[in-house]
């Protein structure tokens, strides 16, 4: 940044220096004395030299006035540097620069940077902008420009550079502003230091870009004492307010649309609204903001007589709590309360001040114990649980997530972990609510489990929001929005500390409650200095460990020691989160120790263990391959090698990034088994006992193969006290028919140590030869053999499909015995391949164990279909944004919950469709089901279009997309009412037409010759004429006539009016409220109507289709016609009645499930089979 940049500009530079400096001592970026520059020199537009105008004025210092210029390539601003070539030795005096004038705020000027340069590579100084704010800055050892601390100033502003020991101190007036920052003084005694000024502009427009400054020798200032923080920020001690007000209201009042109005010291107003929901809202002039909302039934117990409302004022923020639910953190100072309607509180404590004294004990001489923590995310991806039942997370849980934090606490504790770092990602204002509720739920769960050796801490992802937050001058309240700055961060931390900081299950080091922070270097050290100072004002001194990471650490495993060392002054512990970092980052702990060793109190150093990384986000598909168990084992080995103060696991449950350690579909308990072994070594515990004569081992391999690619199989041995001492592995691969593809046997292995047996199969096979590869494994010991059952299949998929890139990790010693099993029935088939026509009926079955006590997850194409739950639960289908996985996870009904419908595209349209399940039995053993493919019944060229009327295929503006590769849209008429859905059995949502809606599509969706048209529908009534679909020209028309009969019509090639149609009619009237499948077949000479698989009628017909519109749900009106408003003209009525043979108001009312158009005539057997698949489905009533 401080290298010269060539620009074309005109500058007015005048320098009359006092003391040792003279005008000729200032040099431009070309090394030319400004006194020797030609006057009024203006260069050509293509010149790479600066143009300078020189004159004289009676001022002491330097005066710059930019008047013209041109931006150069590869730069987002102009920079011209001017250097005072006067030797500056600060041994006896300081050197002072006074800024008298700055440009007005505009879009041209960027900043002025004034630097004291110890040498060409070491410099520190100030970067000043027009709004009277700026930063302390420095050059690091690589010459990179680094911002260290934010400052504010008023003109004229005098900055003094002073040498103190081997460092530079910087003062603003009499106040030291470089407190706790390190600026090395490395001046060559013979050469000395020098002053430089950089004028930086975003663009050069017009005149009046003046900067005026003076400089001279000066004594070291005498620092004044004040009650301001030394960080240079605005929060001062008198702003520290801590008071609490608690009141109790009758519960009936709290449920009966009560409003509690919170008055403030400003014109802003907040109110708690009670009713079905308890909601906190704010009013800011014309703007409104909702801070938090909770379902009243969740926060008010049925037997409660009163409710408690607590206001906690901390500095500029008021925290509002209703019973145990934190509703929000509002940016105002509360003054009073009022009630609408008026109600008298049962009790009101009034405002009570809390003394700003020490809030916890400290024991600095206590050793810091080793801990191992899991990073727990406070959510599962919400769209994982929508009724579509499909989400592209790469993995998902098997243990029950139904509001069961206790289960997670228990599982962590059992597998050797002793801390949960609970993280509701990104510490923005509304996320404070969720972070608080996470802390509450996890602490309560730990207490309920009676675990006095398991602890909770909050893990804050404060970096991203605060790093990008736009600061406002002296105002944190802008339309109710809270700026995520140091003041906000500190007060949010204080509130959590006040609520739970002294709880015995909040982790403490030396008596200090522990916080974790993600990416502390997203903010400056000065940010954390200010956070620390505010915490101290309220009597809190928490132990904060922070994650330091960057692209440099990710790909090189290195970092700039000078840049990061200052973070060690404000962090008590340092590590790197490293979820998506390469292996070189595993060697960071000793580098951190070396970096922070010079500090008076160096932070303790931790290590991270992680399994790999695969982001499921559409905008970020970064993949750090897990390589089976290879990465996680290396991670553990490196962590233990460096003997860290703490171990942090990334993560317990981030399925979106495939970094989870918890029990999941792909890995079961494998990561927990591996972790338990290494944690035993970390905590120096005795070896696990194991099963006599059997190994503890993890088998890993790719979940899918694209065909003709090698597949690696790894067996990781985890030694136990009583387990097998040696043995061999025999691995066999079979195709879906049971034919052997490959087999191998390992050498005899030493099982008394951690080791991996690796075998690579060439994989020369495709899905044309087999849809699945079945894996068989046998252990051959010294005295026994063991065959393993329920190992998951490898799915064969297309090479051009973005498939699942994860691995199965199979805990061999946890696999269930052969008498237990789980099966997923795909349209009644439990192995190999089933057939489908878009609606796939899935059913789960358990043998050899109690279904009610078995948890099952189902995957479609390796992705989540049905969340973990036993067969008498629905699991979690929706996740409110409140609390842990939500304030309360929705539990569905228990009726027929083991069956549901999946709506899929055919594999020729969108990849491959395959299903598998994993079960966890009551005894802790696990089993995977065989993988079953769902293949389309018909070839791609046979299906012209198919619309399934479910939310999955609903697009914007009421449009439904065709499931085939053609993706033909079926578009709603402009005047259609919003689409409504009715849920059938099997969680199948289908469209409900209200008797005034219609949809249009291109005629290209209809084939030219033979045709089969299928409609699955349920009429609400059958006492009037209704159009299911119609094409002018009657190629594909199906109606319910006024007597309730189903009628199919087609215009033959030769026809006569008034009765031109070839027409077939059902033998019996339809019944309202009953599901039907109607299939109309035309083979070129005959026209047939089938109803629920049976032939109703047929007639002779010859001729191809016409070319006019095709409409679903109503008459062939122009799209622009508004049914309830526009009068249908007589000519149009005549066309509809005489040509189409229907009434212009004959809209269909009822359910539409599916509409299929095929380019060939189905046989009677195919029609019968098609209905059989529907009839067997659980949604068919």
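The values are calculated or read from the model by the stated rules, or taken from the named source; none is laboratory data. Remember, it's a predicted structure, so these values are computed and weren't measured experimentally. Every residue, glycine as well, gets a Cβ built from its backbone with ideal geometry; the counts of neighbours run over all protein chains shown.
Worth pointing out:
- Put simply, of 433, 368 the only residue that is over 20 Å from the mean Cα position of the chain (by Cα) and either in a helix (DSSP H, G or I) or at pLDDT 85 or above (or both) is 368.
- Some residue of the range 940-952 being assigned to a strand (DSSP E or B), modelled with pLDDT under 90 and either within 26 Å of residue 821 (Cβ to Cβ) or in contact with a strand residue (DSSP E or B) (Cβ under 9 Å, 6 or more places away or on another chain) (or both): no
- The combined condition, being closer than 28 Å to residue 509 by Cβ and modelled with pLDDT under 95, is fulfilled by residue 557.
- Every pair of residues 6+ apart whose Cβ atoms lie under 6 Å, when the first sits in the range 838-849 and is assigned by TED's automatic domain parsing to the domain that holds residue 962 and closer than 14 Å to residue 930 by Cβ while the second is buried (at least 20 other Cβ atoms within 10 Å of the Cβ) and at pLDDT 90 or above: none
- Only one entry of 655, 701 meets the criterion of being over 19 Å from residue 606 (Cα atoms) and not assigned by TED's automatic domain parsing to the domain that holds residue 776, and that entry is 655.
- Among all residues of the range 811-820, there is none that is over 20 Å from residue 717 (Cβ atoms) and part of a strand (DSSP E or B).
- Residue check, residue 1084 in contact (Cβ under 8 Å) with a residue 40 or more places away in the chain and under 24 Å from residue 945 (Cα atoms): yes
- Among the residues of the range 667-676, those that are surrounded by 24 or more Cβ atoms within 10 Å (Cβ to Cβ) and in contact with a strand residue (DSSP E or B) (Cβ under 6 Å, 6 or more places away or on another chain) comprise 667, 668, 669, 670.
- Some residue of the range 228-243 being loosely packed, with under 15 Cβ neighbours inside 10 Å, assigned to a strand (DSSP E or B), within 47 Å of the chain's Cα centre (by Cα) and modelled with pLDDT under 75: yes
- Considered as a group, the residues in the range 1115-1143 that are surrounded by 19 or more Cβ atoms within 10 Å (Cβ to Cβ) and closer than 18 Å to residue 1049 by Cα include one that is modelled with the highest pLDDT, and that residue is 1115.
- Residue check, residue 509 buried (at least 20 other Cβ atoms within 10 Å of the Cβ), in contact with a strand residue (DSSP E or B) (Cβ under 9 Å, 6 or more places away or on another chain) and either closer than 20 Å to residue 428 by Cα or modelled with pLDDT under 95 (or both): no
- Residues of the range 638-660 satisfying the condition of being at pLDDT 95 or above and under 14 Å from residue 411 (Cβ atoms): 649
- From the list 1167, 1153, the one residue that fits, being farther than 22 Å from residue 1001 by Cβ, touching a residue at least 24 places away in the same chain (Cβ under 8 Å) and outside the structural domain of residue 841 (by TED's automatic domain parsing), is 1167.
- For the range 974-986, the criterion of being surrounded by 22 or more Cβ atoms within 10 Å (Cβ to Cβ), out of contact with any helix residue (DSSP H, G or I) (no Cβ under 6 Å at 6 or more places or on another chain), in contact (Cβ under 8 Å) with a residue 12 or more places away in the chain and part of a strand (DSSP E or B) is met by none of the residues.
- Every residue from the range 913-939 that is part of a loop (DSSP other than H, G, I, E, B), modelled with pLDDT of 90 or more and under 32 Å from the mean Cα position of the chain (by Cα): 921, 924, 925, 929, 930, 931
- Any hit, the range 409-426, residues being touching a strand residue (DSSP E or B) at 6+ places or on another chain (Cβ under 8 Å), at pLDDT 80 or above and on the phi > 0 side of the Ramachandran plot: yes
- Screening 110, 163 for residues that are surrounded by fewer than 21 Cβ atoms within 10 Å (Cβ to Cβ), touching a residue at least 24 places away in the same chain (Cβ under 8 Å) and outside any loop (DSSP other than H, G, I, E, B) leaves exactly one candidate, 110.
- Within the range 996-1011, not a single residue is out of contact with any helix residue (DSSP H, G or I) (no Cβ under 8 Å at 6 or more places or on another chain), without any contact (Cβ under 8 Å) to a residue 60 or more places away in the chain, assigned to a strand (DSSP E or B) and in the same structural domain as residue 1136 (by TED's automatic domain parsing).
- Check on residue 198, modelled with pLDDT of 80 or more, buried (at least 20 other Cβ atoms within 10 Å of the Cβ) and either closer than 30 Å to residue 523 by Cα or out of contact with any strand residue (DSSP E or B) (no Cβ under 8 Å at 6 or more places or on another chain) (or both): yes
- Scanning the range 113-123 for any residue that is part of a loop (DSSP other than H, G, I, E, B), farther than 16 Å from residue 196 by Cα and touching a residue at least 24 places away in the same chain (Cβ under 8 Å) turns up nothing.
- Meets criteria (exposed (fewer than 15 other Cβ atoms within 10 Å of the Cβ) and under 29 Å from residue 637 (Cα atoms)) for residue 804: no
- Residue identified as buried (at least 22 other Cβ atoms within 10 Å of the Cβ), out of contact with any helix residue (DSSP H, G or I) (no Cβ under 6 Å at 6 or more places or on another chain) and either more than 20 Å from residue 972 (Cα to Cα) or at pLDDT 90 or above (or both) among 1094, 1026: 1026
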